[in-house]
């Protein structure tokens, strides 16, 4: 009854394509997919699916049969409700006060013909990670772009380590220089967990296990 699979797209009332997002089409995605050639990708924080769809297309171009699990509540980060809540690009499509942006994400996936690869996990990040772990789903590449609050980022990165499928797996994310909470959290994890940290395009952070 309650399960993660592609049936989630059945009988969907399609909305027009809208792939607005932030940095989801960066070359960093292809570079890391080429490096890791993952069977499983986990994305934490998805919004309208720009980055997930980009990663799916990258995998297709490389002939990979990758599955991408997108963990998100689709309820918006803190700045969507306070601070940046009036910015039109953060419109949550409220209906009776409840966000409907999830259906825009699903529609975008269908329009892009990626529903065979992208599987939504509509849960808070920590619960979603725990669920995938219980299901035995391990990732070769994990992209974190959910909450930008320091405590949340630390938890997302720390708990994501439970999903790593091999020592060469990569955890990466965005907004290193955009949100102070992200920068401090990534630096702390890098120091405490003895990982190498690389910054690309001035904003993407990449954590790898030390050899």
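Scan segment 77-101 for residues that are at positive phi and in contact with a helix residue (DSSP H, G or I) (Cβ under 7 Å, 6 or more places away or on another chain) and jot them down.
93
Take residue 4 and decide whether it is buried (at least 17 other Cβ atoms within 10 Å of the Cβ) and in contact (Cβ under 8 Å) with a residue 60 or more places away in the chain.
Here the answer is yes, as residue 4 does meet what is asked.
Please give the number of the condition residue 79 fails out of (1) in a helix (DSSP H, G or I); (2) touching a residue at least 40 places away in the same chain (Cβ under 8 Å); (3) closer than 13 Å to residue 143 by Cβ.
(3)
Restricting attention to segment 73-82, report how many residues are loosely packed, with under 15 Cβ neighbours inside 10 Å and more than 19 Å from residue 180 (Cβ to Cβ).
Of the residues in segment 73-82, 1 are loosely packed, with under 15 Cβ neighbours inside 10 Å and more than 19 Å from residue 180 (Cβ to Cβ).
Of all residues in segment 45-76, count the ones that are within 17 Å of the chain's Cα centre (by Cα) and assigned to a loop (DSSP other than H, G, I, E, B).
11
So residue 162 passes all but one of these: (1) over 15 Å from the mean Cα position of the chain (by Cα); (2) at pLDDT 95 or above; (3) under 21 Å from residue 69 (Cβ atoms). Which condition number does it fail?
Going through (1) over 15 Å from the mean Cα position of the chain (by Cα); (2) at pLDDT 95 or above; (3) under 21 Å from residue 69 (Cβ atoms) one by one, residue 162 breaks only (2).
Looking only at segment 7-36, count every residue that is within 17 Å of the chain's Cα centre (by Cα), in contact (Cβ under 8 Å) with a residue 60 or more places away in the chain and part of a loop (DSSP other than H, G, I, E, B) and tell me the total.
Final tally of qualifying residues: 5.
How many residues are more than 20 Å from residue 198 (Cα to Cα) and crowded, with 17+ Cβ neighbours inside 10 Å when one looks only at segment 23-47?
Selection size over segment 23-47: 4.
Listed here are the residues, each with its yes/no results for (1) within 20 Å of residue 173 (Cβ to Cβ); (2) crowded, with 16+ Cβ neighbours inside 10 Å.
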site	(1), (2)
84	yes, no
88	no, no
108	no, yes
118	yes, yes
132	yes, yes
136	no, no
143	yes, yes
149	yes, yes
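Scanning for something under 25 Å from residue 159 (Cα atoms), in contact (Cβ under 8 Å) with a residue 60 or more places away in the chain, buried (at least 17 other Cβ atoms within 10 Å of the Cβ) and in contact with a strand residue (DSSP E or B) (Cβ under 8 Å, 6 or more places away or on another chain), does segment 56-69 turn up at least one residue?
yes
The values are calculated or read from the model by the stated rules, or taken from the named source; none is laboratory data. This is a predicted model, so every value here is computed, not measured. Neighbour counts run over all protein chains shown; Cβ positions are idealised from the backbone, glycine included.
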